[in-house]
Amino acid sequence: MRIILKILGILVLIVIVFIAGVLIYLFTALPKKEPPVQTKVEATPARIARGDYLARHVTVCLHCHSDRNLDFFAEPSIPGTEGQGHAMFSKPQKGLGVVYAPNITPYALSGWSDGEIMRAVTSGITKNGDPLFPIMPYDVYSNLNQEDLYSVVVFVRRLKPITNDLPKTKLDFPLNLIVRLMPAPAKAHEKEERDPGHYLVSIAGCMSCHTQDQNGKALPGMTFAGGKTIGPAQSANITPDEETGIGKWTKQDFIAAFKKWQDPSLQKVTVSEGLNTPMPWIEFSGMREEDLAAIYDYLRTVPPVHNAVKRFSKPSL
């Protein structure tokens, strides 16, 4: 009996040592990271203008990193809170924890180098080497070409400093370990793609929301077909399918669907029972018509997918 207990004790010890080794590896060797690039981005007039346009209306950085009015449709940002951070999930979510979009104004990032900001934006790794929760779409922003990435850094540097100290994101087990496996070195993009619509779709994250996934991987044959559940809503089918997608939409229909949200009266449409949309219509409404046209042209080239999506009815697209 003593021999059996001794063997069991040794086995338990081996398991404990193994688990300890795995945890040490996860918290010391991961996420795998490359040193931030050593560069100082010059704030040229062109980068100032481009960064303001991208961050406000294409990559919509401020939609998550500002306080938002949750009572209005599309949750518009509250003026004066630009970049101060926002509680994405301030109450514990089952299996998730609590998630905060951090303060990205110079108050919080004054000690960060430009290279560290770029690494966070495109690789999901903080100044201290910790992983960002992928609600921050760094995999999307890794598609930014170098000049646009520089422009985003310039935009962040020029935000008004706001003193707002938020709690740190705290993830539940085992997600707090899984998230350490997610960051990856950013891609290298020197120039914009030849197809401007494809490029804009890739940096605006259209596919992320409009494609169903399973365990984080897009379902084959469902690209841009919608039906992904995000909060109380399901994303729309934006393939050129004529019955369930946007196949019957003209280019002007597509542009108008975005531009109508520039109407101040539509920016204060109240919602009930939490039936809101994650689609940042108000921010996207500021996108240039030529860019919206390019996105439309690109979406007309993707395979049509017949996928009827039932979304809540009010207010809707």
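The values are calculated or read from the model by the stated rules, or taken from the named source; none is laboratory data. Since the structure is predicted, the reported quantities are computational estimates derived from the model, not experimental observations. Neighbour counts are summed over all protein chains in view; Cβ atoms, including those assigned to glycine, are modelled from backbone coordinates with ideal geometry.
Scanning segment 80-107 for residues that are at pLDDT 95 or above and more than 17 Å from the chain's Cα centre (by Cα) turns up Gly80, Thr81, Thr105, Pro106, Tyr107.
Scanning segment 45-76 for residues that are in contact (Cβ under 8 Å) with a residue 40 or more places away in the chain and part of a loop (DSSP other than H, G, I, E, B) gives Val58, Thr59, Val60, Leu70, Asp71, Phe73, Ala74, Glu75, Pro76. Counting only helices (runs of 4 or more DSSP H) that sit completely within segment 93-189, those holding 2 or more residues that are closer than 24 Å to Arg50 by Cα correspond to 106-109, 114-123, 138-141, 146-157. Of everything in segment 242-266 that is in contact with a Leu (Cβ under 9 Å, 6 or more places away or on another chain) and of a type in the set (Val, Ile, Thr), the residue that is surrounded by the fewest Cβ atoms within 10 Å (Cβ to Cβ) is Ile255.
Yes or no: Val309 under 24 Å from the mean Cα position of the chain (by Cα), in a loop (DSSP other than H, G, I, E, B), surrounded by 12 or more Cβ atoms within 10 Å (Cβ to Cβ) and hydrophobic (A, V, I, L, M, F, W, C)?
Working: under 24 Å from the mean Cα position of the chain (by Cα): yes; in a loop (DSSP other than H, G, I, E, B): yes; surrounded by 12 or more Cβ atoms within 10 Å (Cβ to Cβ): yes; hydrophobic (A, V, I, L, M, F, W, C): yes.
Considered against the rule, which asks whether it is under 24 Å from the mean Cα position of the chain (by Cα), in a loop (DSSP other than H, G, I, E, B), surrounded by 12 or more Cβ atoms within 10 Å (Cβ to Cβ) and hydrophobic (A, V, I, L, M, F, W, C), Val309 comes out as yes.
Of these, Leu175, Leu219, which one is touching a strand residue (DSSP E or B) at 6+ places or on another chain (Cβ under 8 Å) and more than 29 Å from Ser66 (Cα to Cα)? Going through Leu175, Leu219 in turn, just one is touching a strand residue (DSSP E or B) at 6+ places or on another chain (Cβ under 8 Å) and more than 29 Å from Ser66 (Cα to Cα): Leu219.
Residues in segment 202-258 that are in contact with a Ser or Thr (Cβ under 8 Å, 6 or more places away or on another chain), within 22 Å of Met136 (Cβ to Cβ) and part of a helix (DSSP H, G or I): Ile203, Ala204, Met207, Cys209, His210. Within segment 27-44, restricting attention to residues that are assigned to a loop (DSSP other than H, G, I, E, B), of a type in the set (A, V, I, L, M, F, W, C) and modelled with pLDDT under 95, the residue that is surrounded by the most Cβ atoms within 10 Å (Cβ to Cβ) is Leu30. Looking at the structure I just gave you, is Thr239 surrounded by 18 or more Cβ atoms within 10 Å (Cβ to Cβ), in contact with a Gly (Cβ under 9 Å, 6 or more places away or on another chain), of a type in the set (Val, Ile, Thr) and within 18 Å of Asp297 (Cβ to Cβ)? In short, yes.
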